[in-house]
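Novice: Take a look at the following structure, please.
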Amino acid sequence: MTLREKTAQLVGLWVGADAGGGEVTPHQQEMAQAPDLDTLLPHGLGQLTRPFGTAPVDPALGALSLLRTQRRIAAANRFGIPALAHEECLAGFTAWGATAYPVPLSWGAAFNPGLVRTMAAAIGRDLRAVGVHQGLAPVLDVVRDARWGRVEETIGEDPYLVGTIATAYVQGLESAGIVATLKHFAGYSASRAGRNLAPVSMGPRERADVILPPFEMAVREGRPRSVMPAYTDTDGLPSAADGDLLDGLLRDTWGFAGTVVADYFGIAFLATLHGVAEDWSDAARLALASGVDVELPTVKTFGQPLLDAVEAGTVPGGLVDRALRRVLVQKAQLGLLDPDWSPVPAALAGTGPGEPDALRGLVDLDRPANRALAAELAEQAVVLLRNDGLLPLRAPARIALIGPNADEPTAVLGCYSFPVHVGTRHPAAPVGIELPTLREALAAEFPGSELCTVRGVTVDGEDTGGIAEAVRAARRADVVVLALGDRAGLFGRGTSGEGCDAATLELPGKQRELLDALLDAGTPVVLTLLAGRPYALGRATTGAAGIVQCFFPGEEGTRALAGVLSGRVAPSGRLPVSVPAHPGVQPSTYLAARPARAGDVSGTDPTPAYGFGHGLGYTEFGWSGLAVEVAETGTDGEFRLAFDLHNTGALAGTEVVQLYLHDPVATVVQPVQRLVGYRRIPLAAGSGRRVGLTLPADLASFTGRDGHRIVEPGALELRISASSTDARLTVPLRLTGPVRPLDHTRRLHPTFTVQELPPTPTPTP
């Protein structure tokens, strides 16, 4: 291959995108003019960027267009190599008419890796059916500051939860033959003050013990074939120019063998934002030398600037060959280099050469099976934060549905759903999927109730003129369902989403004033939240009859929420992020050491209103029968114990058993506790399970003084809990023997065994 043919395989091409029409990625307005395809394609092409996710297109017609484009690409270059097509799939395939699943923060709330794996496999099948090869998901960033706009895209504030859920997503996507892409590697979510792309200030120990473990778990257990570096710099070193991270840790230590693809314009940012490169050629040199293989979304630094640098001798040709080899190996794995390769995707197989309009509507990306999956995940992700006994509602005669999200179809969608991410720039195009509003869902759930809907305020506006009408409606009703929260958007066009960072965790706009006015009205208030991040809820934490938290639950989300309110759905979600008691105490996370907690040395109190892992149900559970078989073991051993879990209430429900480890004395400061395991256990009324636990000593490991992971001898405490603030059984443990060094082959999980117990009598509902 010529040098130009080699570099052509290292770039993407974003057909149909330009610098106008609003941004879907940072600094899109700086895009150069679209390349001349007749000049570019004879040399080949590495990737096609978002053929379905750039503008509304019928899926079948999109598949046909992609087919024709691939034929043109393969025919134009002398080796017949097609492009690899990638798409966003953060909460479902970001394409017109595709299922909008709950956002990743809801995946975390469900605490159910198996269901997330099933969802990801379904997303992968839809991507593959229309000719897409790579999905730019999942996000493995651990929330460190909930003011960050992209919290909705994350799975939560705990690295173990993030790692297990994200790994399941990777496994599902890869099982469908789609290249999963881990992002954003690493530290993006820890930016100063929660500002998008802001510098990251953290020590190597925090990075090693909080930020990196989810990526390590996903690489080891998910076998992803792509990784995307973060936009941010950590302690002055941008991820896209960090060879120790991309080559040293990712490849040499963890054994990753796939491709590293740049985040959109991330290589150019080395010059324009970070100032570590003097021009495009220098940026290309830095990124390529550090281990970045592919430039996305379109031709820029890896085009003529890279050619110039190689010809000038500032970039060794061997670096180009290294990246090229990884790209071609991946294309070979996907079958793109096979002699009998065909660009015809499964969705168009057997359709014949008919007119394009005859294909319209042929491909369904929102099938009933998809919607059923979306509904199941949405139901499991609803978190009941507070209930004074009013919930579930018993067919109230008059319901006042009040709030900015009461009758808004897109209130359930995150910023990477197609209707929000792309559809807002095409207002004349239909939404493409059914999005029942909360008003419609409640009307269906409570057909015998009179429903009065009043907006009151907008999500982020300053007008309070509608509050008086809302109060009047509340006083005429038996119960108020108050629908507050966020509007997803991009780069300041929403209250949640990429580039929509918050100064505080106060509810946006005048929603707090509406909430307070309704709490004063005298009618019981059930506060519901359709949001992308947690907010301080003020008086509602003691004054509301109930609080139900949903994190952008997707197209079936309002039905799931209505089902929880009626009791048709037993709430089983748990908080993946803490809900703050005060809006300004940030950053805050349950993963805090003792000095970071409340005390008499500071006038601020970061204690949350509802801690990580919290969630109520409509039944009660009893925890008993603790038996510890092995409470003391060597630093290379394991602990063994068991306990009984009973549903002591009158209704079926699901408990989420959470295991937290407390290390009271260590050679470096440790968080007071951290999650090391969990298990959803559904139980019918009166039923019980004997839960056995085996915990390897490796779970107690941390990064020691010298920067290496170790297990230390000493006392530990295992907290078998219903949440991070609700330990039910506490077990003292002890590790003996020498300090033991660990590497990336350490054991990552406890083992659960669950056996059925004889039923017990249940009380009358």
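Novice: Taking 8 Å as the Cα distance limit and 6 or more residues as the minimum spacing, I'd like the relative contact order of region 377-596 as a percentage.
Specialist: Dividing the mean separation by the residue count of region 377-596 yields 32 percent.
Novice: Taking the Cα centroid of region 302-325 and of region 42-85, what is the distance between the two, rounded to the nearest whole Å?
Specialist: About 25 Å separates the Cα centre of region 302-325 from the one of region 42-85.
Novice: Could the peptides 530-536, 256-262 be put in order, highest first, of the mean number of other beta-carbon atoms found within 10 Å of their residues?
Specialist: 530-536, 256-262
Novice: Which order, highest average first, do 713-724, 310-321 follow once you tally other Cβ atoms within 10 Å for each residue and take the mean per peptide? Please list the in-between numbers first.
Specialist: Details: 713-724: 19.8, 310-321: 14.4.
Highest to lowest by the protection proxy: 713-724, 310-321.
Novice: Something else about it: If the cut-off is 25 Å between C-alpha atoms, which lysines fall inside it for LYS6, apart from same-chain ones fewer than 8 positions away?
Specialist: Within the straight-line limit of under 25 Å, LYS6 reaches these lysines: LYS300, LYS331.
Novice: Something else now. Which percent of Cα-Cα pairs in region 1-142 sits in each 5 Å bin, short to long?
Specialist: 2, 9, 17, 19, 17, 16, 10, 6, 3, 1, 0
Novice: Below 8 Å between Cα atoms, with a sequence gap of 6+, how large is the relative contact order for the chain in percent?
Specialist: Relative contact order for the chain comes out at 13 percent.
Novice: Return the calculated 222 nm mean residue ellipticity for the chain, to the nearest 500 deg cm²/dmol, obtained by summing -39500 (n - 2.57) across DSSP H runs with n ≥ 4 and dividing by the residue count. Intermediate results must be reported in sequence, preceding the final value.
Specialist: Details: 19 runs with 182 residues, N = 765.
The helix-only estimate for the chain comes to -7000 deg cm²/dmol at 222 nm.
Novice: Treating the Cα atoms of the chain as identical point scatterers in vacuum, please give the log10 of the normalised Debye intensity I(q)/I(0) at q = 0.05, 0.06, 0.07 Å⁻¹, two decimals.
Specialist: Taking Cα atoms of the chain as identical point scatterers yields -0.25, -0.37, -0.50.
Novice: So for each of 493-506, 590-603, 661-674 I average, over its residues, the number of other beta carbons within 10 Å; can you give me the resulting order with the highest mean first?
Specialist: 493-506, 661-674, 590-603
Novice: By how many degrees, between 0 and 90 and to the nearest 10, does the Cα long axis of helix 280-290 differ from the longest principal axis of the chain?
Specialist: Helix 280-290 sits at roughly 60 degrees to that axis.
Novice: Next question, about the same structure. Quick one: grab the alpha carbon gyration tensor of region 319-388, order the square roots of its eigenvalues as a ≥ b ≥ c, and give me rounded if a/c is under 1.5, else prolate or oblate depending on whether a/b is larger than b/c.
Specialist: Oblate, since a/c reaches 1.5 and b/c is not below a/b.
Novice: Then there is this: Which angle from 0 to 90°, rounded to the nearest 10, does the C-alpha axis of helix 59-76 make with the longest principal axis of the chain?
Specialist: For 59-76 against the chain, the angle is about 30 degrees.
Novice: Taking the Cα centre of each part, how many Å lie between region 183-225 and region 702-739?
Specialist: Region 183-225 and region 702-739 have Cα centres separated by 23 Å.
Novice: Hey, another quick one. Taking the radius of gyration and the Kirkwood hydrodynamic radius from Cα positions alone, what is the Rg/Rh ratio for region 264-394, to two decimal places?
Specialist: That ratio equals 1.23.
Novice: Here's another thing I want to ask about it. Across every pair of different alpha-carbon atoms, what Kirkwood hydrodynamic radius in Å does region 377-596 reach?
Specialist: Radius from the Kirkwood sum: 17.5 Å.
Novice: How long is region 120-232 along each principal axis, judged by its Cα atoms, biggest number first, in Å?
Specialist: Cα spread of region 120-232 along its principal axes, largest to smallest: 42, 24, 19 Å.
Novice: How big is the convex hull of the Cα atoms of region 621-757, per residue, in Å³?
Specialist: Details: hull volume 13.0 nm³, N = 137.
Each residue corresponds to 95 Å³ of Cα convex hull volume.
Novice: Let me ask another. How many angstrom separate the Cα center of region 164-180 from the Cα center of region 351-426?
Specialist: Rounded to whole Å, the Cα centres lie 23 Å apart.
Every number in this text was worked out from the coordinates using simple rules, so none of it is lab data. Everything numeric in this text was worked out from a predicted model, so none of it was measured. All Cβ positions, glycine included, derive from the backbone under ideal geometry; neighbour counts span all protein chains shown.
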